[in-house]
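J.: What follows is a single structure, and I will ask about it in a moment.
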Amino acid sequence: MTHAPEFPDGDATSRREQIAVASVLQKIAVDLDDLLEELVGHRLGFALVVYTDGRTQYVSNCKREDNVAALDEYLAYLRATTDEDDVLAASIQ
């Protein structure tokens, strides 16, 4: 079951919109990969997750199994902490 946030318009994301999001995610991933490498001097693994109504999409520069392991680790961390505990939380709510 997808637990996407509810957005004000409440419109379901169409298949065409999902394809458009997937396409732009590929472009964002290339830029993000380059930006992170420039920032720290070496490549970092990442996964960018986007919630659309009824579907979660992601793009990554890692192998699927590495993403699963990293996301499992991160989910355990999220479940064990609160926003107040996490001084490095990145949210633009």
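Every number here is computed from the coordinates shown, using simple stated rules; none is lab data. Because the structure is predicted, anything quoted here is derived from the model rather than measured. No Cβ is skipped: glycine too gets one built from the backbone with ideal geometry, and neighbour counts run over all protein chains shown.
J.: Over all directions, what mean area does the Cα convex hull of the stretch 15-80 project, stated in square nanometres?
T.: Projected area, direction-averaged: 5.4 nm².
J.: Still on this structure: About the Cα centre of the stretch 15-80, how large is the charge dipole given +1 on each Lys and Arg Cβ and -1 on each Asp and Glu Cβ? Please answer in debye to the nearest 20.
T.: 340 debye
J.: Testing the spin-label approximation: label points 7 Å from Cα along Cα→Cβ at Ala80 and Ser23. State their distance in nm.
T.: Each label point is offset 7 Å from its Cα along the Cβ direction, giving 4.2 nm.
J.: Arg64 versus His42, label points 7 Å from Cα toward the beta carbon: distance in nm?
T.: The answer from the label model is 2.8 nm.
J.: Further, regarding this structure: If the chain between Val49 and Asp34 were fully stretched, how many nm would it gain, using 0.36 nm times the residue separation less the Cα-Cα distance?
T.: Between Val49 and Asp34, full extension yields 3.6 nm more.
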